[in-house]
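Below: one structure, written as C-alpha cells.
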Amino acid sequence: MRTKTLILLAFFLVSYLNVFSDETTDKFTKANSLYRAGDYKAAAELYERITETGYSSKELYYNLGNSYFKLKMIPNSILNYERAHRIDPNDEDININLQIANMQIVDKIEPVPRIFFEEWFDGFLEAIPSDTFAYVSFISLWLGLGFTLLYIFAYHISLKKGAFGAGAILLLVFLITLFLSHIDINRELSEKDAIIFSPSVYIKSSPDVQATDLFILHEGTKVRKLDEVDEWVKIKIPDGKVGWMPIKAAITI
C-alpha cells in the first residue's frame, strides 16, 4: 500500500510539473507575440507574471528588459538586463542592450581602476557557470580515488607509476576547483547588487534621516549592497564612494 501511494504521489508530481511547464511555455509564447505586435505593456505584464511563478531564464529577463526599454521604463529595463546577464555574462545581445540602457541614466560613474590580475580573475569567474567548478571538483575527486586504488592494487611498476601520476594530477585539479568553487559561491552569497528606482536619492553618511548628505544618485544606477540596518542599506558605487540610503529606494538584482 505504501509503495502504491508513493508511486501515485510521484505520478501526480510529474503531471503537475508538466502542466506547469506547458502553462509557462504558453504564457511565454503569448508574451512574445504581444511584444512583436507592439503591445509592450501587456507583454511586460505577462512576462512579470511568469517570473512570479518562480521561473527564470535569460530569455525571459532579456525579453522583459526589452519590453520595459520600449516603454521607456529604464530602471526596470536595466534590472532585468542585469538579471539576464547574471545567468549568461557572455551573451552579446544582453551586454549590448544593457550598455545602451545604461547610457540613458543620469549618473555616469567612472569605476576605480583595478590591477590587471584582479580584473582578469573576476572575468574568468564570470565567464564560467557557477556550478562548473563543483562538477569538475566532484569528478576529479572520484577519478583520483579510482587511480589511488589502482596504485594500491596494481602489480606492474609502470602501471603503479602511471596511476600515481594521474592520481596526483587529479588531486591537484580537485583542490584548485574546490577552492575556485568556494570563492564563486561566496561571491554569489555576499555580493548583492541593486538598481535604484527612486527618481533621486541622497546618500547619507549614516543610517539616519538627519545624517549628512554625501552625494546624490538617480534612478537606474547600479549599486553594491554592503550592509543593512533597519530600513537602511549601506551601498558602494563603482568609483569607491560609500554611504547609506533607504532600502525601499532600490530593488535587488
>> Would the stretch 117-253 count as rounded, prolate or oblate if I go by the C-alpha gyration tensor, calling it rounded below 1.5 in a/c and otherwise prolate when a/b exceeds b/c, oblate otherwise?
In response: prolate
> What ranking do 55-64, 209-218 get when scored by the average of other Cβ atoms within 10 Å per residue, highest first?
Replying inline: 55-64, 209-218
> Out of Leu149, Thr132, Leu180, whose Cα points farthest toward the positive end of the dipole of the stretch 106-243 (charges: +1 Lys, Arg; -1 Asp, Glu; placed on Cβ)?
Replying inline: Leu149
> Solvent-accessible area per residue for the chain at a 1.4 Å probe radius, Å²?
Replying inline: 65 Å²
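Using 0.36 nm per residue of separation minus the Cα-Cα distance, give me the extension gain between Lys41 and Ile115 in nm, one decimal. Before the final figure, lay out each step's value.
Numbers: separation 74, 0.36 × 74 = 26.64 nm, distance 4.35 nm.
Length gained, Lys41 through Ile115: 22.3 nm.
Rounded, prolate or oblate: which one fits the stretch 197-244, using the alpha carbon gyration tensor with axes a ≥ b ≥ c (rounded when a/c is under 1.5, else prolate when a/b beats b/c, else oblate)?
Taking the square roots of the gyration eigenvalues as a ≥ b ≥ c, the stretch 197-244 is rounded.
With +1 on the Cβ of every Lys and Arg and -1 on the Cβ of every Asp and Glu, and nothing else charged, how large is the dipole of the stretch 140-201 about its Cα centre, in debye rounded to the nearest 20? Working shown, then result.
Values: 4 positive and 4 negative charges, 82 e Å.
Roughly 400 debye, rounded to the nearest 20.
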>> Could you work out the relative contact order of the chain? I mean the mean sequence separation of Cα pairs under 8 Å and 6+ apart, divided by the number of residues, in percent.
In response: 15 percent
>> What is the percent carbon and sulfur in the accessible area of the stretch 113-253, measuring with a 1.4 Å probe over the protein chains and ignoring ligands?
In response: 67 percent
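What number comes out for the charge environment of Tyr81, summing +1 per Lys or Arg and -1 per Asp or Glu over other residues with Cβ under 14 Å away? Mind dumping the intermediate values first?
On the way: positive: Lys58, Lys70, Arg83, Arg86, Lys222; negative: Glu59, Glu82, Asp88, Asp91, Glu92, Asp93, Asp193.
Spelling it out: positives minus negatives among the neighbours equals -2.
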> Which value, in Å² and to the nearest 10, is the accessible area of Leu143 when all protein chains are kept and the probe is 1.4 Å?
Replying inline: 90 Å²
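With n ≥ 4 as the cut-off for DSSP H runs, can you work out [θ] at 222 nm for the chain, using -39500 (n - 2.57) per run divided by the number of residues, rounded to the nearest 500? Could you put the intermediate results ahead of the total?
Values: 8 runs with 154 residues, N = 253.
Computed ellipticity for the chain at 222 nm equals -21000 deg cm²/dmol.
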> Which lysines, on any chain, are close to Lys236 with Cα under 23 Å apart, when same-chain ones fewer than 8 places away are left out?
Replying inline: Lys108, Lys192, Lys204, Lys222, Lys225, Lys248
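Looking at the calculated P(r) for the stretch 61-146, what percent of the C-alpha pair distances fall above 15 Å? Display every interim value, and only then the final one.
Details: 2484 of 3655 pairs.
Counting every Cα pair in the stretch 61-146, those more than 15 Å apart make up 68 percent.
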> Just for the Cα atoms in the chain, what are the lengths along the principal axes, largest first, rounded to whole Å?
Replying inline: 75, 54, 38
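The values are calculated or read from the model by the stated rules, or taken from the named source; none is laboratory data. A quick note: this is a predicted structure, and the numbers were derived from the prediction, not measured. Cβ coordinates were reconstructed from backbone atoms using ideal geometry, including for glycine residues, and neighbour counts include every protein chain displayed. The protein model used for the area step is the full one, side chains on, heavy atoms only, and it has no ligands, DNA or RNA in it. Shrake-Rupley method; radii C 1.70, N 1.55, O 1.52, S 1.80 Å.
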